[in-house]
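A short worksheet on the structure shown next.
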Amino acid sequence: MSRAVYFDYNATAPVLPEAAEAVADALALVGNPSSVHRFGREARRLLEDSRAAVAALVGAAPEELVFTSGGTEANHLALAGAGRTRILVSAIEHPSVLEAAPCAVRIPVGPDGIVDLVALKARLSETLEPALVSIMLANNETGVIQPVAEAAHLAHAHGALVHCDAVQAPGRIRFDAELLGVDCLSLSAHKLGGPKGVGALIVRNDVPLASAFRGGGQERGRRAGTENLPGIAGFAAAARAAERALAAARRVEGLRDRLEARLKARAPELVVVGKNAPRLPNTSCIALPGASSETQVIALDLAGFAVSAGSACSSGKVKASHVLKAMAADDKLAGSAIRVSLGCGTTEAEIEGFVEAWSAMRGRLVAQSAA
Ligand code: PLP
């Protein structure tokens, strides 16, 4: 392969041309959306059109949407702003949820990576104190899709509010905030071809939300600060293009399945994490027992393929994945997983190239461990 191949769409997706164009056009607008004059009104119009487009992506009403600086802020806003001190989260949430509520009760997942609804029900039944439950729609490391609608039904029956981190889902699976039945839902533009640094929280059912930032009445008082209009316009353009990505999801899934089958045929010891669970069509979390995630990511990068460690990287140190550990994987397996995440631009030739590069890497690692 002469050029580098990008297989890290779950980290961030390439910016779509129409999103880049929308950002550039919005940069040319002078006004502040809060200003009363014509320049302000023009900016306000773009803001509200964008709000409607992003809300429509998840079947929400425009007034239910609060723009944020990304998925991380949306998660913090929901967890801190909903005003519940008893918080229950799945053990496989993104760190932006886990660290927003460090004292939260962690609900386990099964070996398939799916949250244990029996355990959720048991923890909800322990006390009458109204809780907030946070369950992600699809896991960023494994792609495993969670039974959010069932969890929401259960939680509501116990008087709890429900938040869902849906950051990885738009453009990959069809879903709707109302059908999920959640009260709050987090989104991020850069996972679906929008710019980085912009996201949204959908707030439904008139849930009162305390703002984290004060000092301005923007976003109906739920998030003070002049809106990032270029980012928001880019987010809206990506949201409008999500249908195109959904139309390509089956093709992408075929490529992902072929990748896994080809690797497994060459390396029977390969573990495909969450293989039997419903998964995002673009995501493959594969563990090569005995080979560290970091070594694999570096070797594949040298071979021209950009993938991620299926593990959290903090202060330059790669730690075994909390997601895989929660799935009862031992430390060795949890430290040997990589995440390959594909997108609309992925081609068959790239998949074949990856299979060859991965097999060559495995051959070298096997030879080294035998020496
Ligand atoms: N939630 C999930 C599931 C994610 O995968 C990510 C990003 O990787 C985030 C939240 C954070 O989103 P952002 O990068 O927009 O802050």
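The values are calculated or read from the model by the stated rules, or taken from the named source; none is laboratory data. Predicted model only: the values in this text are computed from it and were never measured. Please note: Cβ atoms are built from the backbone with ideal geometry, for glycine as well, and neighbour counts cover all protein chains shown.
Observations
- Set side by side, the residues T12, T72 differ, and just one is crowded, with 16+ Cβ neighbours inside 10 Å, assigned to a helix (DSSP H, G or I) and within 14 Å of the ligand (Cβ to nearest atom), which is T72.
- The set of residues from the stretch 355-371 being of a type in the set (V, I, T) and in contact (Cβ under 8 Å) with a residue 12 or more places away in the chain comprises just one member, V355.
- Answer residue from the stretch 141-160, given it is in a helix (DSSP H, G or I) and surrounded by 24 or more Cβ atoms within 10 Å (Cβ to Cβ) and is farthest from the ligand (Cβ to nearest atom) among those: A155
- Those strands (runs of 3 or more DSSP E) lying entirely in the stretch 161-251 with at least 1 residues more than 16 Å from the ligand (Cβ to nearest atom) and within 16 Å of I135 (Cα to Cα): 161-165, 199-203
- Filter pass, P289 being surrounded by fewer than 19 Cβ atoms within 10 Å (Cβ to Cβ) and either at pLDDT 95 or above or acidic (D, E) (or both): no
- Test result for E93, free of Cβ contacts under 8 Å to residues at least 12 places away in the same chain, closer than 27 Å to K325 by Cα and either within 15 Å of the ligand (Cβ to nearest atom) or in contact with a Phe, Trp or Tyr (Cβ under 9 Å, 6 or more places away or on another chain) (or both): no
- Test: residue in the stretch 64-73 that is closer than 21 Å to G217 by Cα and out of contact with any strand residue (DSSP E or B) (no Cβ under 7 Å at 6 or more places or on another chain): no
- Top-ranked residue of the stretch 15-34 - restricted to ones that are acidic (D, E) and within 13 Å of A238 (Cα to Cα), ranked as surrounded by the fewest Cβ atoms within 10 Å (Cβ to Cβ): E21
- Picking from residues in the stretch 108-139 that are outside any loop (DSSP other than H, G, I, E, B) and closer than 23 Å to S188 by Cβ, the one that is nearest to the ligand (Cβ to nearest atom) is A138.
- Test: D206 is surrounded by fewer than 21 Cβ atoms within 10 Å (Cβ to Cβ) and on the phi > 0 side of the Ramachandran plot: yes
- Residues within the stretch 321-354 that are touching a residue at least 12 places away in the same chain (Cβ under 8 Å), within 22 Å of N276 (Cβ to Cβ) and surrounded by fewer than 17 Cβ atoms within 10 Å (Cβ to Cβ), tallied: 2
- Looking at R44, R84, just one residue is surrounded by 18 or more Cβ atoms within 10 Å (Cβ to Cβ) and free of Cβ contacts under 8 Å to residues at least 24 places away in the same chain, and that residue is R44.
- Criterion violated by V36 - all others in (1) within 16 Å of the ligand (Cβ to nearest atom); (2) of a type in the set (A, V, I, L, M); (3) in a loop (DSSP other than H, G, I, E, B) satisfied: (1)
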